[in-house]
Amino acid sequence: MNISREDVRNTISKAFNTWSAVIPLNFTENVDNQSTDIKVIFLLSDADSLFEDRSGFVIPYERIYLFIDSLRTINVVGQRIDQYFTDFYYETLYNVGKVLGLHNSRNINSMMFTGYTAPIDSNGNYVEPKLSNEDIKEAQKIYGQRK
């Protein structure tokens, strides 16, 4: 499914703003990627080998990798969704959490839950992903609270 460049940019910005609302960090887009703290990189999904060093350990996050050839969509709240497609906002919100240093969670209500769960209600309609209390608490342990 094709997602416009503008929708990609707006969704990434929304994910950063969601985290920024609960921690004292401000994020701004910078097209000069030489001077950024966090880089968003688009790759093909066969680039998995980039994520491991030679000893097999996963490389720490300082970049957000989004695979351009995977099935993603931007959903509309209340609209029935095709669970075959990954919600782009959900994925981006999760990846921003990872780059901020949050670990995976076993709590299915957490954005940092290990494994993708389609953000839907009992009727199969899209519900916008939100940070759980656990997500907020873990981020605030690292960065403090927004005042």
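The values are calculated or read from the model by the stated rules, or taken from the named source; none is laboratory data. Note that the coordinates shown come from a computational prediction; the quantities given were computed from them, not determined experimentally. Methodologically, a virtual Cβ is constructed for each residue, glycine included, from the backbone with ideal geometry; neighbour enumeration extends over all protein chains shown.
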Q) When segment 21-36 is examined, which residues are found to be at pLDDT 75 or above and not polar (S, T, N, Q)? A) Ala21, Val22, Ile23, Pro24, Leu25, Phe27, Glu29, Val31
Q: Within segment 127-142, count every residue that is crowded, with 16+ Cβ neighbours inside 10 Å and part of a helix (DSSP H, G or I).
A: 5
Q) Would you pick out the residues in segment 41-85 that are modelled with pLDDT of 75 or more, outside any loop (DSSP other than H, G, I, E, B) and either crowded, with 17+ Cβ neighbours inside 10 Å or small (Gly, Ala, Ser) (or both)? A) Thr73
Q: Scan segment 109-126 for residues that are exposed (fewer than 15 other Cβ atoms within 10 Å of the Cβ) and under 23 Å from Trp19 (Cβ atoms) and jot them down.
A: Asn109, Thr114, Gly115, Tyr116, Thr117
Q. Could you count how many residues in segment 107-125 are in a loop (DSSP other than H, G, I, E, B), under 19 Å from Val76 (Cβ atoms) and of a type in the set (S, T, N, Q)?
A. 3
